[in-house]
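Just below is one structure, and these are the notes that go with it.
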Amino acid sequence: MKAILYTRVSTKDQSTLRQVNDMKKVSGFDIVKTFSEKLSGFSKRISERPILQKALQFVNDNNIECIMVSEISRLGRNTHEVLGLIEELKQKGICIYIHNIGTTINQENSSNEIFTKLIVTIMADLARLESEQMSYRIKSGIRSRKLKGLSTGRRVGTQESKDKFLAKHQDIQRYIDKGYSSREIQKLCKCSPNTIKKVKDLKLDPKNKV
């Protein structure tokens with residue numbers, strides 16, 4: 001099946017390489033082009049994402065049969081928009097392969113299409129709720145510390161040593177070395193994107209400051 005890959009990460013310090021490598025191992029697809037985007041799917045509508053729009057145009061112009069994504073949230077976190085795009089592609093006879101559940105939707109003569117779309121709807125909703133909850137927890141924690149008169153950062157004038165900082169985040173370093181994305185590391189280590197970026201910067205150039 002003639003296909004393209006569409007990958008997306010939320011921040012510029014994240015890599016789409018793992019998404020690409022994982023999907024290239026899937027049999028049954030002739031991948032002719034890869035489109036990778038670095039921006040938040042939560043804050044940008046589908047119509048405001050330039051690389052995704054280029055991918056959709058390429059699909060229309062080159063008789064592409066399938067768009068491959070690592071998970072449905074790569075297309076967007078607005079459930080209504082995602083379902084609208086799925087239906088639009090279905091009308092054009094274009095499938096969507098979703099790697100993390102190992103299924104292809106919009107296929108002709110698919111007997112489980114309704115069940116599959118139900119799963120897609122649930123997963124899109126969960127992705128949206130996850131982003132909202134993460135944002136709420138961060139803001140709530142900052143508000144709580146301010147109400148207690150506590151600092152929301154390191155004390156003024158103090159600086160953590162590089163060795164101490166890296167030693168404290170050995171788990172993050174392991175996942176970086178294994179090629180995990182920043183979003184995946186956030187979930188596994190319960191840390192912020194900024195912390196992951198600092199670890200990456202120090203690993204690349206030890207002269208960088210914490």
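List of remarks:
- Screening ARG18 on (1) in contact with a Phe, Trp or Tyr (Cβ under 8 Å, 6 or more places away or on another chain); (2) at pLDDT 95 or above shows it passes everything except condition (2).
- Some residue of the stretch 8-17 being part of a helix (DSSP H, G or I) and either over 14 Å from the mean Cα position of the chain (by Cα) or farther than 21 Å from LYS92 by Cα (or both): yes
- Those residues of the stretch 81-116 which are assigned to a helix (DSSP H, G or I), under 21 Å from MET23 (Cα atoms) and modelled with pLDDT under 85, in sequence order: VAL82, ILE101, THR116
- Residue-level check: of (1) buried (at least 17 other Cβ atoms within 10 Å of the Cβ); (2) free of Cβ contacts under 8 Å to residues at least 60 places away in the same chain, LYS12 misses just (1).
- Condition check for VAL82 on (1) without any contact (Cβ under 8 Å) to a residue 40 or more places away in the chain; (2) on the phi < 0 side of the Ramachandran plot: one failure, at (1).
- Scan of the stretch 18-40 for residues that are surrounded by 20 or more Cβ atoms within 10 Å (Cβ to Cβ) and assigned to a helix (DSSP H, G or I), ordered by number: GLN19, MET23
- Subset of the stretch 41-60 [part of a loop (DSSP other than H, G, I, E, B) and either surrounded by fewer than 14 Cβ atoms within 10 Å (Cβ to Cβ) or in contact with an Asp or Glu (Cβ under 7 Å, 6 or more places away or on another chain) (or both)]: SER43, ARG45, ARG49
- Checked against the criterion of being modelled with pLDDT under 95, among the polar types (S, T, N, Q), surrounded by 15 or more Cβ atoms within 10 Å (Cβ to Cβ) and farther than 21 Å from GLU184 by Cβ, the stretch 67-80 has at least one qualifying residue.
- Just one of the numbered conditions (1) charged (D, E, K, R); (2) out of contact with any strand residue (DSSP E or B) (no Cβ under 8 Å at 6 or more places or on another chain); (3) modelled with pLDDT of 85 or more is not true of LYS2: (2).
The values are calculated or read from the model by the stated rules, or taken from the named source; none is laboratory data. For clarity, every value in this text was computed on a predicted model and none was experimentally measured. All Cβ positions, even for glycine, are placed from backbone atoms using ideal geometry, and neighbour counts span all protein chains on display.
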